Amino acid sequence: MKTQPTLTQTLSLFLFLLATPFFKTCCAQSDEPYYVYDASALQRVDRCAPEDVKRVWDETLLISALQGLANRDTASLYILFVQGFGHKTDEFWLNLFSQNWLRDRERRNVDSIDELLDLFADSYSGLVLYDGSVPSTVNVALTIAGADNLLPVRHDPSEGSLYRKLVDVRKIPVKARLINEDGSPLFTGVGKIPGTNLDSSGSIKTDPYYWAIENYIKSGKSNPTEGGYYIDAYWIQHPIGAVQNHCLTNRDFVVSRKGFFFDLSPWDDETPNDDREQKLGTDFNAFNAVMRAAYNAVDGKSVIRVCGFTPWDSKYTDHGNVGYSHSGVPTEWRHAEILSNHNGYLDADALGCGAMANASFYQHFPLDEIYPQQKPTVNDLRVKGYLDDNGKVADKTFVAIYAGDYDSAAWVYQSMPAFWHDPARGNIPINWAFNPNLADRFAPGFDYFRKTKTPNDFFVSGDSGAGYVNPTAFIAPRRFSQLPDGLDVWIEHCKKYFKRWDVSGIGFIIDGDARTCDRETLERLAAYAPDGMTTHRGPTMGVVDNPYGGRSAFRPMNHDLADPNHGTAVILGDVRKNQGAQFNMYRTILWSPQKLQTLFEQVKQDEDRGGRVEFVDAYTFWLLIRLEAQNLGVDEFDIRL
């Protein structure tokens, strides 16, 4: 974790930023003031005091939902909460954007939740109550909140509770209930699901989701293309890890877009640890039912964004859960495959750095129509000595490093205050794997990255395109949905984002446990990745035709690198002499530019093999593979390891 910058570094950065196009071209959308509430005190909780845990959960949830409603039409309310990588993240970005985008708008600080409720009283019309004894009802309450402009509140008649303050003191009317008036559970897991003609699933956890499907997704009240997969109120019972990992502040964006929320296990071979008594497969069936309802609501003609990630530290995995058989990565892969089977994709706010705030605020930033990149030409390669005069690729080991994992707006949001301002950035070619769809939640940041990039900063997509998916899980047969082929819907979605951000390559395709991409699938994906793709697995590299009359390169990912020492050993160990040009790509996760530079320097210091290695950007890498295939007169050749 990086330390805070020195005063000299901060001043140098500020002077640099003032000279950038970002500062010169951004202007505010409105001259109305915006309001800032410091919620950072809610990061502190006494985990041994249940009432304090409940208070922190209740207040953070209320603030996030209110922010989503207040920011639906304009950027009005900003929250200070998230911290990471040695920075107060929300404060860092606000200080930066106040110099440009928000320059002409007055900032007004808000001192209390009561003041927030007064300021934004026009944003909500009442309360929706959920049942703390049925944790899943909080996600249904958030779904209702976004659709009906209500504030979600846990029913708690105890003295001093947020519920009592809102209902008894402020007299905010209760407009919807997910609990009976006498405080008994509305959902019992037997008989008929209340408010529907459906038989109970047998689970008090999943019945509320079936209620929401009928009353909000099928009815059209909710937006079926926007989902939030975040831990439910089970967190109150098990507040482990960093407090912000409850990801409550992430939910404003989905609320602002009237989306639906859920938290269900992707596994059908063991019951979830938050509902051990349910029948095997009950959670899994509800997961598929939610996604099928969203798919049906748009007739399969749109993709479905799902922000969030499996809460692997608390549920559904063997992490701290005795007797559970599935580890984190298989659980992630299965989750992604179920979404992909229903034309869904992840904006993957995975724990560790999954917390984000203010996406509902950022969504109003005015983006440019296109953000061009300068990509290498054949002549550039010749000048660098990568080609001879006849166009033959030099007998070298060309290495590209995939700088990931940025398939989550939260991961970009938290890490870039440190990484983007690392003094080593610009010294070496870095392939930033920023999924372009993340700009929907962090538009001013993405604009800023493009307008402050160096000639050594290149942008590719991360996991499979404009969102984390398994591409073959869009292709029939789709084992969890039995739906028809949906890959063309995914391709059209990606083409829109790739065009705006001038991305023409996929840094890493994740197949997970779905089928491995074959040539036919790669040819289809080349419609949005005409320069190249890094595949998940396979013994060969080569080219496939793209629909623009050219050829798109592909090459399987070599290895993940743990640290510079491990990476040095792996890269040098893969070097082969006297086999012609070599093309190797490696994956890193949350590496700083300085860490990457250390790796490059250590590799080049090796007298025997290091001199053969050329570190290149991904577009150079893919262009060289295309030229090699052309010179060899083949579509595929072995990966030369």
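The values are calculated or read from the model by the stated rules, or taken from the named source; none is laboratory data. Not measured: the values here are computed from a predicted model. Please note: Cβ atoms are built from the backbone with ideal geometry, for glycine as well, and neighbour counts cover all protein chains shown. The protein model used for the area step is the full one, side chains on, heavy atoms only, and it has no ligands, DNA or RNA in it. Shrake-Rupley method; radii C 1.70, N 1.55, O 1.52, S 1.80 Å.
Side notes on the structure shown:
One line per residue, one yes/no per condition, for (1) among the hydrophobic types (A, V, I, L, M, F, W, C); (2) open to solvent by 60 Å² or more (accessible area, probe 1.4 Å); (3) over 30 Å from residue 572 (Cβ atoms):
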| residue | (1), (2), (3) |
| --- | --- |
| 355 | yes, no, yes |
| 367 | yes, no, yes |
| 372 | no, yes, yes |
| 387 | yes, no, no |
| 391 | no, no, no |
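- Exactly one residue out of 123, 133, 98 is without any contact (Cβ under 8 Å) to a residue 40 or more places away in the chain and among the small types (Gly, Ala, Ser): that is 98.
- Residues that are charged (D, E, K, R) and touching a strand residue (DSSP E or B) at 6+ places or on another chain (Cβ under 6 Å) do not occur anywhere in the range 144-152.
- One residue alone among 432, 411 is within 23 Å of residue 86 (Cβ to Cβ), without any contact (Cβ under 8 Å) to a residue 60 or more places away in the chain and touching a strand residue (DSSP E or B) at 6+ places or on another chain (Cβ under 9 Å), and that residue is 432.
- Selection within the range 574-603 - within 34 Å of the chain's Cα centre (by Cα), over 14 Å from residue 639 (Cβ atoms) and of a type outside the set (A, V, I, L, M, F, W, C): 587, 588, 592, 593, 594, 595, 597, 598, 601, 602
- Some residue of the range 266-282 being touching a helix residue (DSSP H, G or I) at 6+ places or on another chain (Cβ under 9 Å) and part of a helix (DSSP H, G or I): no
- Residue satisfying all of: in the range 469-519; within 17 Å of residue 295 (Cα to Cα) and either of a type in the set (D, E, K, R) or part of a strand (DSSP E or B) (or both); least open to solvent (accessible area, probe 1.4 Å) among these: 478
One line per residue, one yes/no per condition, for (1) crowded, with 19+ Cβ neighbours inside 10 Å; (2) in contact with a Gly (Cβ under 6 Å, 6 or more places away or on another chain); (3) not in a loop (DSSP other than H, G, I, E, B):
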{"residue": "549", "(1), (2), (3)": "no, no, no"}
{"residue": "558", "(1), (2), (3)": "yes, no, no"}
{"residue": "570", "(1), (2), (3)": "no, no, yes"}
{"residue": "585", "(1), (2), (3)": "yes, no, yes"}
{"residue": "599", "(1), (2), (3)": "yes, yes, yes"}
{"residue": "603", "(1), (2), (3)": "yes, yes, yes"}
{"residue": "611", "(1), (2), (3)": "no, no, yes"}
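- Residues within the range 190-222 that are open to solvent by less than 60 Å² (accessible area, probe 1.4 Å), in contact (Cβ under 8 Å) with a residue 60 or more places away in the chain and either of a type in the set (A, V, I, L, M, F, W, C) or farther than 14 Å from residue 262 by Cβ (or both), tallied: 6
- The residue pairs whose first member lies in the range 525-546 and is among the basic types (Lys, Arg) and modelled with pLDDT under 95, whose second member is surrounded by fewer than 24 Cβ atoms within 10 Å (Cβ to Cβ) and in a strand (DSSP E or B), and whose beta carbons are closer than 6 Å, counting only pairs six or more residues apart or on different chains, are 537/556.
- Test result for residue 576, within 24 Å of residue 434 (Cα to Cα), in a loop (DSSP other than H, G, I, E, B), modelled with pLDDT under 95 and open to solvent by 20 Å² or more (accessible area, probe 1.4 Å): no
- Search result, residues across the range 523-539 that are more than 26 Å from residue 370 (Cβ to Cβ) and buried (at least 16 other Cβ atoms within 10 Å of the Cβ): 535, 536, 538
- Within the range 22-80, the residues that satisfy the criterion of being at pLDDT below 95 and within 24 Å of residue 365 (Cα to Cα) are 22, 23, 24, 25, 26, 27, 28, 29, 30, 31, 32.
- Among residues of the range 79-115 being part of a strand (DSSP E or B) and of a type outside the set (Lys, Arg), the one that is most open to solvent (accessible area, probe 1.4 Å) is 109.
- Condition met for residue 198 (among the hydrophobic types (A, V, I, L, M, F, W, C) and touching a Ser or Thr at 6+ places or on another chain (Cβ under 6 Å)): no
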